[in-house]
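Q: Would you mind keeping the following structure in view while I ask a few things?
The values are calculated or read from the model by the stated rules, or taken from the named source; none is laboratory data. These numbers come from a predicted model, not from an experiment. Here Cβ is always computed from backbone atoms with ideal geometry, including for glycine, and neighbour counts include all displayed protein chains.
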Amino acid sequence: MRLDDFDFHLPDELIATRPAKPRSSARLLYAQGDTIRDAIVRDLPEFLRKGDRLILNDTRVIPARLRGTRSRDSAQGRVSAKIEVTLLEPQADGTWSALAKPLRKLGLGEVVEFSADFSAEVASLEGGLRLRFNLGGDDFDAALNAAGAMPLPPYIEAKRPADAQDREDYQTIWAKRQGAVAAPTASLHFDEGLMVALRAHGVEMSFVTLHVGAGTFLPVTVDDVTTHKMHAEWGEVSHKPPMR
């Protein structure tokens, strides 16, 4: 199977940069056997049976996109470079794995400042960038929330910058456990009205936590997709009681 087997024409005007309002008014394509039908997401109860169970991912997206400045002394004096960082995953040693743009402008031990009281030191460049922040725990969460932006998919970010509305739009309504750097996007079409309809229809619901990683943003770079390696995701996968 080749990558170009998946090529198709998608006009720019059909690419949504904001969610439908209400969320459950988004379009849904229903396919069963030879039958294909245009529907909307609020029709979902019609396609499920009493006793069916939905497994819902309660991960919460963090504002993982940071913009900062690296400064260093040079023969020409003090010089600075703008650095964009996307956090990926916390490590056991207290650092964060991350992506940086441009990575070539970072050296081991250098500090990137994101605000007056929030910064990170380059702890490692071997096998990927790792950053050690000057804050931890609740202080880190508060500083990240103040300085960070939601890590929108590239096809949206190419059309507009992230803004305050994305902090609500780019979360599921049941988002709870912080850690994802991308939303479980299919779940973004669920709203309270749809949840009420699903419960009334007898659909059961349980939760797991699976933090979506930045691999969802990365392009497939091989021609033969059977050789493509999926980017790892992280988190805990544990059964949660059904939502009543």
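Q: With A123, A164, A142, A158 as the choices, which residue is farther than 17 Å from P63 by Cβ and free of Cβ contacts under 8 Å to residues at least 12 places away in the same chain?
A: Result of the check over A123, A164, A142, A158: A158.
Q: Given the conditions (1) of a type in the set (S, T, Y); (2) modelled with pLDDT under 90; (3) outside any loop (DSSP other than H, G, I, E, B), which single one is not true for S238?
A: (3)
Q: Just the residues that are out of contact with any helix residue (DSSP H, G or I) (no Cβ under 7 Å at 6 or more places or on another chain), under 17 Å from L87 (Cα atoms) and not hydroxyl-bearing (S, T, Y), please, taken from region 146-170.
A: Once the filter is applied, which keeps residues that are out of contact with any helix residue (DSSP H, G or I) (no Cβ under 7 Å at 6 or more places or on another chain), under 17 Å from L87 (Cα atoms) and not hydroxyl-bearing (S, T, Y), region 146-170 yields A146, A147, G148, A149, P151, E157, A162, R167.
Q: With the requirement that a residue be part of a strand (DSSP E or B), closer than 22 Å to V181 by Cα and of a type outside the set (D, E, K, R), what does region 86-114 give you?
A: T86, L87, L88, P90, W96, S97, A98, L99, A100, V112, F114
Q: Same structure, new question: From the list I55, I83, which residue is surrounded by fewer than 19 Cβ atoms within 10 Å (Cβ to Cβ), part of a strand (DSSP E or B), within 21 Å of the chain's Cα centre (by Cα) and not small (G, A, S)?
A: Only one candidate passes the filter, namely I55.
Q: Among the residues of region 61-80, write down those that are of a type in the set (A, V, I, L, M, F, W, C) and either surrounded by 14 or more Cβ atoms within 10 Å (Cβ to Cβ) or assigned to a strand (DSSP E or B) (or both).
A: Result: V61, I62, A64, L66, V79.
Q: Same structure, new question: Restricting the search to region 62-94, which residues are among the β-branched types (V, I, T) and in contact with an Asp or Glu (Cβ under 9 Å, 6 or more places away or on another chain)?
A: Across region 62-94, the qualifying residues are I62, T69, V79.
Q: Look at region 126-154 and say how many of its residues are surrounded by fewer than 14 Cβ atoms within 10 Å (Cβ to Cβ) and over 18 Å from A180 (Cβ atoms).
A: Here the count works out to 9.
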